[in-house]
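Reading through the structure tokens given below for one structure.
Since every read-out is calculated from the coordinates, none of them should be taken as a lab result. What you see is a predicted model, and the numbers here were worked out from it, not measured in a lab. Note: ideal-geometry Cβ built from the backbone for every residue, glycine included; neighbour counts use all protein chains shown.
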Amino acid sequence: MNQEGNVQRQTSTYGLFNDKFNLLVELYKDEIEIPMPAGTEESAIVEYLAKVWSRTAFRPAVRFILADNDFIYLGRPDKYEIKVYSPEGKLVKQITRDYVSIPVSDKDKDDFFERISESLSSIPLFTEDLKKKAFQKIKFPKYKPAYQSFTLMENGWLVVIVDSVEDEYTLLDIFDQDGKYIAHFKTPVPAEGMFSVLLFFRNGKAYCVATEDDYRYAKRYNYEIQEYRDYKWIRKK
């Protein structure tokens, strides 16, 4: 991080480092600017919040996971692309697919404000009135990122969380262990998370986090994989 005037510049380097924290292999470098408050009066705080929220609301952010075999899955959803690296940092695969951009709806905007407003509820400076004024000044993008996040099933299949609408549905894509596209479907399983999506698979179950009546719950789901063969669905072991 370094600061120039009222702007902080943050550089994040994703890569492999040795035990002295020297960079061995760079996988991706991300640089963003974070505005700082221009004063302590209400108008300055409103402008500050609006700028910060405008830079985070439905903007692409780097996502990555480490597989059980130490392969690294990394992507930035400004486009539908997820790169897979070996434990040594060598690019071995790119997972992509054609997609239709999903517009940011009014409900999406309201849900965003509700989630991020709650995260500031413990700070007396950020009153509800102040946050609502800042919300009116947010510059939302026309479309959402190509996807929200991704996770791995235990059989090595990649599950891409394309979109999630609170209290409605989650939209998923699935690719097999070779990166071949398999399925695209909606599910009622929630995939909450402001900066990452809380959905994962363990011991034959799917787990997620959901908020109901202002309480957060860890939920566990059964699932099964079926294959359509000879004009019927066959459960895969």
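To keep it simple, each residue is scored yes or no on (1) touching a residue at least 60 places away in the same chain (Cβ under 8 Å); (2) of a type outside the set (D, E, K, R); (3) within 18 Å of Lys144 (Cβ to Cβ).
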position	(1), (2), (3)
Pro188	no, yes, no
Ala191	no, yes, yes
Leu199	no, yes, yes
Arg202	no, no, no
Cys208	no, yes, no
Tyr217	no, yes, no
Lys232	no, no, no
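Taking region 69-107 as the range and being in contact with a Pro (Cβ under 7 Å, 6 or more places away or on another chain) and over 24 Å from Leu16 (Cα atoms) as the test, only Val104 passes. Is there a residue being of a type in the set (Asp, Glu) and assigned to a loop (DSSP other than H, G, I, E, B) anywhere in region 16-33? Checking region 16-33: at least one residue is of a type in the set (Asp, Glu) and assigned to a loop (DSSP other than H, G, I, E, B).
Looking across Asp68, Asp176, Asp106, one residue alone is loosely packed, with under 12 Cβ neighbours inside 10 Å and under 26 Å from Glu224 (Cα atoms). It is Asp68. One residue alone among Leu49, Leu74, Leu23 is within 24 Å of the chain's Cα centre (by Cα), over 23 Å from Ile116 (Cα atoms) and not basic (Lys, Arg), and that residue is Leu74. For region 120-165, taking the residues that are of a type in the set (Val, Ile, Thr) and outside any strand (DSSP E or B), the one that is surrounded by the most Cβ atoms within 10 Å (Cβ to Cβ) is identified as Ile138. The numbered conditions (1) outside any strand (DSSP E or B); (2) over 22 Å from Asp178 (Cβ atoms) are all true for Pro87 except (2). The residues on offer are Glu42, Glu47, Glu88, Glu81, and the sole one that is of a type outside the set (Lys, Arg) and surrounded by fewer than 12 Cβ atoms within 10 Å (Cβ to Cβ) is Glu88. Residues that are more than 16 Å from Asp110 (Cβ to Cβ) and not in a helix (DSSP H, G or I) within region 44-59 comprise just one, Arg59. Taking residues in region 96-123 that are among the hydrophobic types (A, V, I, L, M, F, W, C), and partners anywhere that are in a helix (DSSP H, G or I) and surrounded by 12 or more Cβ atoms within 10 Å (Cβ to Cβ), the pairs with Cβ atoms closer than 6 Å and at least 6 places apart or on different chains are Phe113/Phe135.
Matching residues to (1) charged (D, E, K, R); (2) out of contact with any helix residue (DSSP H, G or I) (no Cβ under 8 Å at 6 or more places or on another chain):
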{"site": "Thr56", "(1), (2)": "no, no"}
{"site": "Pro60", "(1), (2)": "no, yes"}
{"site": "Leu66", "(1), (2)": "no, yes"}
{"site": "Gly75", "(1), (2)": "no, yes"}
{"site": "Asp78", "(1), (2)": "yes, yes"}
{"site": "Val84", "(1), (2)": "no, yes"}
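Considering region 1-19, and only residues there that are of a type in the set (A, V, I, L, M, F, W, C) and over 19 Å from Leu74 (Cβ atoms), the residue that is farthest from the chain's Cα centre (by Cα) turns out to be Val7.
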